[in-house]
Each structure stands twice: as structure tokens, then as C-alpha cells.
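Everything on this sheet refers to the single structure shown next.
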Amino acid sequence: MSKGVLVDITRCIACRSCMVSCKSWNDLPSIPGSFSNNWDSPGKMDSNNWTVVTNHIIEEGDQIKWRFVKRQCMHCLEPACESACFTHAFVKTKEGAVIYKPTEVNKDYCVGCRYCMIACPFGVPSFQWEKTFPFVQKCRFCYDRMKEEGKEPACVTSCPTQALKYGEREELLAEARARIEQNPNYVKHIYGEKEYGGTSWLYISDVPFDKLGFRTNVSEKSIPSYTWDVLKWTPYIFFGWGAILTAMRAYTKRRAAVHHEEDMYAPVDDE
Amino acid sequence: MRIGKNWKFKITPFRILLIIFVLIAVGASLYRFIFGLGSVTNLSDEWPWGLWIGFDLLCGIALAGGGFSTALIVHVLHKDKYLPIARAALLTSLIGYIIALVSLFLDIGRWFNFWRPFFYWGYHSVLFEVFWCISLYTTVQILEFGDIFFEKVKCPPLKRILGALMTPLLILGIVLPSLHQSSLGSLYIVTVDRLYPLWWSMLLPFFFVWSAFFLGPAMVTVEGTLAARAYKREPELHVFESLTKVTLVMMIIYLIVKIADLVYRGVFSMAFNGSFESNMFLIEMIVFVIVPIIMYSINSIRTKLWGVLTASILVVAGVIFNRMNVVFTGMADAMGGHYFPSIWEWLITIGMWSALVLIYCFVVENFPILPKEEQHGHGSSISYGKAFHA
């Protein structure tokens, strides 16, 4: 069955344990950045930060709400990156993780074209810009832990407030619905249930998602199915158009006068 | 300058300048291959594609559209009056594709893996189709050009083989570019909800292939006039003028489909909402589509060299403008961050287009590409005479 994680934004306190455990499990270097005048440094994912927690201050009347959102790869059910890759560098495993294979031994078929980065609706894949031969990097859902040891992802393990819950996606959806039912504060929406065909990571919140930097009202159709709607016509166009052209050429040829092309053209003499 | 007995290449100050640009670009490219993309470009996670993909690849391929539209008109429909421009169009198209392939090679991060898509069939990717079609079409064009090459470099057996292959090559040489010109548009279908709705459409592939096709005659006009000026020849005005009929009809259809598509998707009013995107869209539509349509349809403008040239320049600039809008303007809001090409990205781009000009000059000076000059003294004296007596 396909695994998932339910992120309950009401429970997150922005301790950033998830960021630390992600780095230590995945051996990602910590590079000191420059000072930035905000709370959520580094604020956006890059090739060494596969998960970040972003801060959002929301004013509702005289009330100020401070909310924190953990971000990482959403692990789409039908990943745009996987379909966009022309060398099968991404795989959606049956466990639910979307992983990039080329960093594994003998799997280096990534060309570095970065179309996955254009294709991802969540802006997740990052590139090792500073390297001569960069890889694409992103959250792997701790696939190694999941598969070999049956463990939950490192970030979930380290979360002290149970803001993250790992389990079967279907069960998590039921749980999310139950929480939303029981507490009227929640927004009646599970982000990731249907967005772009659904994602393995799901979010619930007491603040509208568009105020937390989520792109809302997006397509419920997956991106691969959009592309396929166009690509499926390729063979018909190839043979159909080819046949039409051949027929036209044959038809018009009979009526055209014969030309001796060799006598028509000459090199330019510019001396 | 003569190279051996059969080859020549004239050296002018302008060409020396171009050669310097090429050398700088070669140096910068070597640096990029050794030290990586981050060291020479301003690309980032927000802007994974920049000048090389947006301009050199997308616009380069579109501008090379003259190759396949001319091939269709001349070799499939056999409109023989356009024969004089056929070879020049093929040549520019071929060089354009080689430039596009070079810029693609420069742009990919793991360039030693460039051949992988030939063996790992990611057929569900639009890029897969683009990659295969562009590679195959470049090969087809090289073979088509081989037919011309062997007119000068005598090798009868090869010439005969190529001659026999010419029909299938010509057909492939239209089908393949039709497919990937449209696929270049399909590439941006994945940006649903992100590319500004004035540009995002399921019809993107149609708009891309259609505009690449009607761009062809305009591009032929522009480059034909440039070549005529450079070599002090008579521009093929009658050919340019009569080609505008193709462009005109196709542009009107383009405009109608564009408007219908906007109305169908319910975003027509967005064109007038005063945002930066909407203004850029209006400029694209009015200056670069409607104005050329008007110019092409007025007889007294179309039949003059300046008129047909100005309108054609607008069409060419318009297609570039459209591609830039799709890649940059339309995506800016969703991608965040900012991107402006670094000096090295510019220099490499300039170097590549300089190389295009140099190769073009070398080839037309050494191979039978442009039509033989008639004795213009004779022709012009007749028209002079008429005017004199009238």
C-alpha cells in the first residue's frame, strides 16, 4: 500500500527538528548562509536543504496568527517530474516515495536538463548549481528507512508535537477528515487529497491554505495526464501528416515541369 | 583568403569581429564545461531555464522554421517560383538547428550523458519527443544538404544514393519539424496553473507549430534581404511579396484561434486587466500580429521592399517576443526570484549567433546555394527605359 504523511499545521511549533534530522540522516552538508532578516532561514529548499519550515504571520481582525509549514517533496501519486524526465531518472515506488535514481551506483542517466524543475508544480527539485556535474536533489521520503527497516521518515521520528503522522495514505485521509469534523477551527480542506491528482503528503490547517503560500484552486487532474492528452497524438500525426505530404508531393509532381536544380544555383562570387 | 584550390573565405573587419566573438564564446564554453553551470550562469532553482533555452533553443528552432515551411511549399506543393529561396532557407535552418543543439549541449548539467535519451525511452516526456525529432531532423537536413555538398565535391555514387533517398528525406524533413515545433509548445503544458493563463493553453503546441510555420516566409524575406545587401545582389522581391500570402492567411487564422481559445477558457478579459502580463500580451498581439496582418494586406505596402521587409521583421520579432513571454514574462509571477542572464551567458549566445553568420557566409560563397545572378544590367535597363518613355 502507498504510504503518506499527514501534516497538521495547527500543531507545528517551528522547532525545525525535522530539518536537522533530515540533514543528519541524508548526510547533507550544512553551509552557513548570510544573515537574513526573517524567521524561516533558509526559507526555501535547495540541493542541501530537502525540507524547510516556513513562517507565516496572518492577521485576522485584531488577532495575529503565527503559522509554520514544513515543506518538502509532496510525493505526488502521479509525479510531474517522473513523467517529464526523458531518461526515467525518477521513480514512484509502490510504497509511495518519488525518488531520483541517478545518485545511486550505476543509475547515472540524468542528463541535467532540469525539465523536472519546470514540470514540478510545487517547485521542489533543486539543482547542485555549484558542482561541475550537478545532480537534481530532493526529499526521498527516506525511502531507505521505509524499505529496508520499515521505519518512518527521519523528520517524522523527530517531530516532538506529532504535527507529522506517518501511515497508509487512505488511513491518514480518514484521520484528517475526523480531525476536521471534530474541530470547527480547521479549514474544510485536505491539501494534497486531490491537488494535481493527489499527493502522498497531506496537510490540514486552521488558516486558509492560500495564506500559507500554497497554490490553491489548482487542477485536480495530474500533470502527466495533461501531457499525455497531447503526446498520445504523436504517432497519428507522424503517419497521417507523412501520408498527406507524400500524396500531395506525388500529385503535384506530375504537373510540375522538370527542373535542373544544378543549373539554377551557384556559389556567390564576392571577390 | 583562399583555402586550397577550391575553397575561399573573404576576411573583412566585420568578420574578424565575429570571429573574435566566436573565440570568446568558445573560451567561456570550455570554462563552463570544466567548472559547471553555476560558475557562468545566473540560473537558479527558481529559474532553471534561462537565455540559452529560452532564446537560443526556443527562438533558434522557431526561426529555423523557414526550412520546413519552404520545403513544404517548394518540394511538396511544387510551387516552383519559390525555388530561388529554397536552398538558402534549408541552409539557415540547418545552421539554426546545429546552434540549437550546441546550446542544448551547453545547457545540460551532465553533458557527458547527453546520449542517454536514445537508450532510456522516457516516451511520456514531451522533451523525449523534442530530443528525438530535433536530432533526427538535424540528420535529415545534413543529408539533404549532402545533395548540395556533392554538387561541388564530386562523388557520384554518394550523390546517387542521396538522390534516391530524397523523397522520404523531404517528407521526414517536414513531419519531424512539425512534430517538435509543436512539442516545444507542449513542453509548457506542464506549467498549468503557473504560466499566465493568457499564454497557457492546451493549444500551445498548435500555436507554436503554426507560428513557426508562418514565420518561415518572413524569415526568408529578412535573411534574403540581408544576404542581398551583403552581396550586392537584387533582392528576390517578387518571391517575398508572393510569400506574404501564406503568412497573411496563416496569421489571420492564428489570431482568430487565439481569441477563440481565450474566450473558450474564459480568460479573454485578463488581456485588459492592466497587469504587466496583460500589457505584454497586448503588445504581442497588436504590434506583432495585427500590425503585420494589416501591412501584408495593403497592396502598396506589400509590393515595396521596405514594406514587406518591415512587416516581416515585425513577424520575426513577434515570434521571439511570444517565446520570451512564455518562458519569462508568463512564468515570472509563479517562479518568484529574479533572473537576468550573466555576461557570460550573453557572450556565449552572441558567439553562437556570430558563428551562424560566419558559417552562412562561408557556405554561400563556396556552394551553390543562392540562384545564379542574371544579367541585371539588361533587366534594369528595360525598366529604366519604360519609365523613361512614360
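Hey, B:Gly146 hits all of (1) touching a residue at least 40 places away in the same chain (Cβ under 8 Å); (2) more than 17 Å from the chain's Cα centre (by Cα) but one; which does it fall short on?
Result: B:Gly146 passes all but (1).
For region B:144-161, what are the residues that are surrounded by fewer than 17 Cβ atoms within 10 Å (Cβ to Cβ), among the aliphatic types (A, V, I, L, M) and assigned to a helix (DSSP H, G or I)?
B:Leu158, B:Ile161
Condition test on B:Asp193, is it farther than 15 Å from B:Phe207 by Cβ and facing chain A (nearest Cβ under 7 Å)?
yes
Being in a loop (DSSP other than H, G, I, E, B) and either modelled with pLDDT of 95 or more or in contact with a helix residue (DSSP H, G or I) (Cβ under 9 Å, 6 or more places away or on another chain) (or both), is that true of even one residue in region B:17-27?
Checked against the condition, which is being in a loop (DSSP other than H, G, I, E, B) and either modelled with pLDDT of 95 or more or in contact with a helix residue (DSSP H, G or I) (Cβ under 9 Å, 6 or more places away or on another chain) (or both), region B:17-27 yields no hits at all.
Mind listing whichever residues of region A:217-254 are under 30 Å from B:Pro168 (Cβ atoms), facing another protein chain (nearest Cβ under 9 Å) and of a type in the set (Lys, Arg)?
Matches in region A:217-254: A:Arg249, A:Lys253.
Against the definition (closer than 20 Å to A:Ala266 by Cβ, in contact with a helix residue (DSSP H, G or I) (Cβ under 7 Å, 6 or more places away or on another chain) and at pLDDT below 85), how does B:Pro117 come out, yes or no?
Considered against the rule, which asks whether it is closer than 20 Å to A:Ala266 by Cβ, in contact with a helix residue (DSSP H, G or I) (Cβ under 7 Å, 6 or more places away or on another chain) and at pLDDT below 85, B:Pro117 comes out as no.
In region A:133-153, which residue that is within 14 Å of another protein chain (Cβ to nearest Cβ) and of a type outside the set (A, V, I, L, M, F, W, C) is nearest to A:Tyr191 (Cα to Cα)?
Checked region A:133-153; the qualifying residue nearest to A:Tyr191 (Cα to Cα) is A:Lys138.
Considering only region B:4-44, how many residues are without any contact (Cβ under 8 Å) to a residue 40 or more places away in the chain and facing chain A (nearest Cβ under 10 Å)?
5
On the basis of being in contact (Cβ under 8 Å) with a residue 24 or more places away in the chain and not polar (S, T, N, Q), does A:Gly150 make the cut?
no
Could you grab the pairs with beta carbons closer than 8 Å, sequence gap of 6+ or different chains, first residue in region B:153-170 and touching a residue at least 60 places away in the same chain (Cβ under 8 Å) and within 13 Å of another protein chain (Cβ to nearest Cβ), second one among the β-branched types (Val, Ile, Thr) and assigned to a helix (DSSP H, G or I)?
Matching pairs, first to second residue: B:Leu170/B:Val76.
Taking the conditions exactly as written (more than 14 Å from chain B (Cβ to nearest Cβ), under 25 Å from A:Cys18 (Cβ atoms), without any contact (Cβ under 8 Å) to a residue 40 or more places away in the chain and surrounded by fewer than 18 Cβ atoms within 10 Å (Cβ to Cβ)), does A:Ile64 satisfy them or not?
Criteria met by A:Ile64.
Scan region B:39-78 for residues that are acidic (Asp, Glu) and in contact with a strand residue (DSSP E or B) (Cβ under 9 Å, 6 or more places away or on another chain) and jot them down.
B:Asp45
In region A:73-132, what residues are in contact with a Pro (Cβ under 8 Å, 6 or more places away or on another chain), more than 7 Å from every other protein chain (Cβ to nearest Cβ) and aromatic (Phe, Trp, Tyr)?
If the condition is that a residue be in contact with a Pro (Cβ under 8 Å, 6 or more places away or on another chain), more than 7 Å from every other protein chain (Cβ to nearest Cβ) and aromatic (Phe, Trp, Tyr), then A:Phe90, A:Tyr100 are the ones that fit.
Would you mind finding the one in B:Val257, B:Val246, B:Val263 that is modelled with pLDDT under 90, more than 21 Å from A:Val268 (Cα to Cα) and among the β-branched types (Val, Ile, Thr)?
Step by step, each of B:Val257, B:Val246, B:Val263 is checked, and only B:Val246 is modelled with pLDDT under 90, more than 21 Å from A:Val268 (Cα to Cα) and among the β-branched types (Val, Ile, Thr).
Can you tell me how many residues within region B:92-120 are within 14 Å of chain A (Cβ to nearest Cβ) and either on the phi > 0 side of the Ramachandran plot or in a helix (DSSP H, G or I) (or both)?
13
What's the total number of residues in region A:199-215 that are loosely packed, with under 15 Cβ neighbours inside 10 Å and either touching a residue at least 24 places away in the same chain (Cβ under 8 Å) or within 8 Å of another protein chain (Cβ to nearest Cβ) (or both)?
So the answer is 1.
The values are calculated or read from the model by the stated rules, or taken from the named source; none is laboratory data. Since the structure is predicted, the reported quantities are computational estimates derived from the model, not experimental observations. Methodologically, a virtual Cβ is constructed for each residue, glycine included, from the backbone with ideal geometry; neighbour enumeration extends over all protein chains shown.
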